[in-house]
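One structure is given below, encoded as structure tokens.
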């Protein structure tokens with residue numbers, strides 16, 4: 001009976017249409033926010049991630065009334081209407097804040113939508129229209145739970161079916177959507193009951209068979225009446241309408257009550273038989289109502305959650321927290337010491353790097369100077385060697401001088417002088433006699449005139 005409530009949610013396409021290509025326009029769509037909402041459902045962080053993962057390629061659909069020039073509602077059947085657009089593969093998903101009509105700022109799941117504005121003229125009117133997020137009914141998993149004193153349907157899994165465009169006359173808020181869906185479901189149920197009654201009357205027409213009663217299964221919300229009756233057995237005319245307990249709130253396995261006799265608050269535990277829809281009272285414990293702000297309440301709820309749903313081990317938890325804080329402080333001190341050491345090492349490294357760079361520059365300069373000196377020295381030595389060769393140029397033939405000139409780099413001036421002197425002795429042994437005879441040093445150059453004639457008569 002509540003199917004439509006938990007699978008249809010109002011959303012809004014907003015912003016200005018933006019050209020995507022010649023036939024498609026792009027807009028943004030606010031889909032949902034997390035936690036409890038006004039249609040009686042609850043969206044957790046985990047479910048929100050699962051649901052968003054199914055949004056790509058979700059169709060944007062609607063039923064357009066040409067006479068009234070506006071969109072209508074979901075329609076009685078899913079096949080009614082047209083596909084006016086689609087959520088792209090990469091929907092540009094983001095959580096975006098928006099101030100709602102009630103003045104509260106909520107964070108909505110938002111995506112891009114591509115609209116077929118060239119194909120359907122009415123697609124250009126979608127921006128600003130209320131929408132309804134539709135979930136695929138067979139994919140819906142979850143349970144009814146009491147969360148922060150409210151009975152809500154907590155989703156565990158589901159996927160998108162479509163984003164339905166709603167007309168101006170269709171209330172876009174959660175209450176409106178829920179009321180409309182609930183109304184439709186109740187209307188269908190009443191029609192079925194009437195049809196069932198009519199068929200039964202036709203079947204038993206003329207007979208004495210009585211119409212069977214129709215039993216409606218009690219919801220969890222109706223536990224209030226059953227608990228009230230059990231807690232106040234004398235709340236009747238015979239008992240003088242005596243009220244002992246007032247019910248403040250009801251949870252899955254206990255109710256928070258106020259005992260007028262003792263002037264105190266109590267937790268009254270109970271068990272529920274789903275087959276018979278009956279309740280059985282259990283243990284009663286004194287409890288306390290604490291005056292706290294919303295922020296303080298949330299903090300207490302966190303403490304409760306950290307302690308297995310109660311506050312019994314809160315002291316132990318806080319002791320552990322204090323120990324952890326002490327360890328954290330020690331670690332922070334060690335980190336600070338390490339940071340100081342790192343800073344010192346970094347400074348030393350930078351100084352060493354600077355010294356290294358200076359040394360490299362000095363070495364480069366010295367190497368340059370050394371090369372200059374080597375070049376100068378080579379020039380001087382080469383000049384000295386050339387002078388030595390020049391000294392023997394008139395006494396030794398060109399062949400010998402050329403051979404030594406080719407190896408001049410292998411000699412010092414002194415060694416070169418020694419070897420050339422040795423060559424001179426080899427070529428002219430008489431140089432060491434007491435009465436040296438004039439000697440002629442053979443030359444390779446041609447002789448002419450008197451020289452040629454005298455050469456023939458040397459002996």
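What follows is calculated from the coordinates using simple rules that are stated; it is not laboratory data. Computed from a predicted structure; not experimentally measured. With ideal geometry, Cβ positions are generated from the backbone for all residues, glycine too; neighbour counts draw on all protein chains shown.
So here's what we get for this one:
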| quantity | calculated |
| --- | --- |
| Residue order, fewest to most surrounding Cβ atoms within 10 angstrom, among 145, 374, 385 | 374, 145, 385 |
| Modelled FRET efficiency - R0 51 Å, residue 154 with residue 322, Cβ distances, 0.05 increments | 0.90 |
| Cα-based shape type of the range 220-289, given that a ≥ b ≥ c are square roots of the gyration tensor eigenvalues and the cut on a/c is 1.5 | oblate |
| Modelled FRET efficiency - R0 45 Å, residue 251 with residue 331, Cβ distances, 0.05 increments | 0.65 |
| Label-point separation, residue 244 to residue 68 (7 Å along Cα→Cβ), nm | 5.6 |
| Cβ-derived FRET efficiency at R0 22 Å, residue 94 paired with residue 20, nearest 0.05 | 0.75 |
| Spatial separation of Cα centroids for the range 259-276 and the range 141-156, in angstrom | 21 |
| Gyration tensor (alpha-carbon) shape descriptor, the range 291-374, a/c threshold 1.5 | prolate |
| Gain in span if fully extended, residue 228 to residue 259, counting 0.36 nm per residue against the direct Cα distance | 9.9 nm |
| Exposure proxy order (Cβ contacts within 10 Å, fewest to most) of 349, 28, 106 | 349, 106, 28 |
| Spin-label proximity, residue 421 to the range 380-401 - amide N less than 15 Å from point 7 Å beyond Cα toward beta carbon | 388-389, 391-392 |
| Relative exposure of 146, 450, judged by other C-beta atoms within 10 Å (fewest first) | 450, 146 |
| For the range 49-117: rounded, prolate or oblate by the Cα gyration tensor [a/c cutoff 1.5] | oblate |
| Stretch gain in nm, segment residue 366-residue 49, where the contour uses 0.36 nm per residue and the Cα spacing is subtracted | 107.2 nm |
| Distance (nanometres) between label positions extended 7 Å along Cα→Cβ at residue 374 and residue 289 | 10.0 |
| Cα centroid separation - the range 354-403 against the range 291-334, whole Å | 84 |
| Simple label model, 7 Å out from Cα along Cβ direction - residue 303 to residue 345, nm | 4.4 |
